[in-house]
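Some notes on the structure that comes next.
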Amino acid sequence: MTILGIIPARGGSKSVPKKNIKELDGKPLLQYTVEAANNAKLLSRVILSSDDDDIISVAKNLKVDVPFKRPSHLAEDASPTLPVIQHALQFFQSQNIHFDAVCLLQVTSPFKTGAFIDAAVKKFIESDCDALVSVQKVPAEYNPHWTFKANEEGFLNLTTNDEQIITRRQDLPTVYHRDGLIYITKTSVLLKQNSIYGNKIAYIESPEEGQINIDTMDDWHKAEAYLKSKQK
């Protein structure tokens, strides 16, 4: 399968100004994902999608393929990810270049590796799925079978709508949450179903080490602390 790796990196970050090119331990945040993508062997092509001239300049210095500048209406605070991916695919289709699937690699999850990307792509190819996402196990205390929502009368009901609560930790089913590290989706699902997930979602468990999604300055400080701990 031909897999297009897309690194989305818009300008205008408010919680961490210039987040995508802000230096983390001496490297632009973008560089961590670029290095992981370059180390992966199963991506057919890797590109950057950005609306920001400064980000594009940094990316080009890192030898990243930047085939277009993303339209500003696809780089607003509320802009969803799906149209960004579709824009890239349609750009290539206009040049008669087609990919079987897209691998989305978010800059805000910097500590992925090329080996993990390849493992995800391999499982995606081997699975009869529409999409694959990276996940982590939900801790027992946050398992949906142990979480509640308030009803109209002000009493608690289980979020799962089970009538009885599971009392033993050992009896809880294993559940997962997506961690944002990687998404892989068939092109047909992205363009024809207008979905990143489709109907059949495969998964791969991410390593526990270094699972930091940088959205706030607190997250940034966690990332700095993580890198310092690795150096020690």
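The values are calculated or read from the model by the stated rules, or taken from the named source; none is laboratory data. Only a predicted model underlies this, so the values are computations on that prediction, with no experimental measurement involved. No Cβ is skipped: glycine too gets one built from the backbone with ideal geometry, and neighbour counts run over all protein chains shown. Side chains are part of the model used for accessible areas, which takes the heavy atoms of the whole protein and leaves out ligands, DNA and RNA. Shrake-Rupley method; radii C 1.70, N 1.55, O 1.52, S 1.80 Å.
Quick notes
- Taken one residue at a time, the phi angles of the stretch 72-80 give Karplus couplings (6.51, -1.76, 1.60, θ = phi - 60°) of 4, 6, 9, 9, 8, 4, 9, 5, x Hz. Gly and Pro are set to x.
- Value at 222 nm in deg cm²/dmol, rounded to 500, when DSSP H runs of n ≥ 4 in the chain each add -39,500 (n - 2.57): -9000 deg cm²/dmol
- Across the stretch 95-184, Cα pairs under 8 Å and at least six residues apart give a relative contact order of 43 percent.
- Coupling constants for the stretch 173-178 follow from the phi torsions by the Karplus curve (6.51 cos²θ - 1.76 cosθ + 1.60, θ = phi - 60°), and in residue order they are x, 6, 10, 10, 10, 6 Hz; glycine and proline get x.
- Highest mean packing first, where packing is the average number of other Cβ atoms within 10 Å per residue, the peptides 70-78, 163-171 line up as 70-78, 163-171.
- All aspartates and glutamates inside 16 Å of residue 18 as judged from Cα atoms, apart from same-chain residues fewer than 8 positions distant: 51, 52, 53, 54, 76, 77, 215, 218, 219
- Carbon plus sulfur fraction of accessible area for the chain, probe 1.4 Å, in percent: 48 percent
- Entry comment: accessible area of the chain is 54 Å² per residue, from protein heavy atoms only and a probe of 1.4 Å.
- Close amide H partners of residue 203, meaning residues 5 or more places away or on another chain with modelled amide H under 5 Å apart, are 133.
- Rg to Rh quotient for the stretch 16-142, alpha carbon positions, Kirkwood Rh: 0.97
- Cα-centred dipole magnitude for the stretch 14-144, charges only on beta-carbon of K, R (+1) and D, E (-1), debye, nearest 20: 280 debye
- Amide H partners (placed H, <5 Å) of residue 179, local residues excluded: 134, 135, 136
- Computed over the chain with a Gaussian network model linking Cα atoms closer than 10 Å, the most mobile of 149, 18, 122 is 149.
- Principal-axis analysis of the Cα atoms of the chain puts helix 81-93 at an angle of about 40° to the longest axis.
- Straight-line cross-link partners of residue 19 among the lysines, defined as a Cα under 19 Å from its Cα and at least 8 positions apart when in the same chain: 27, 60, 69, 112, 222.
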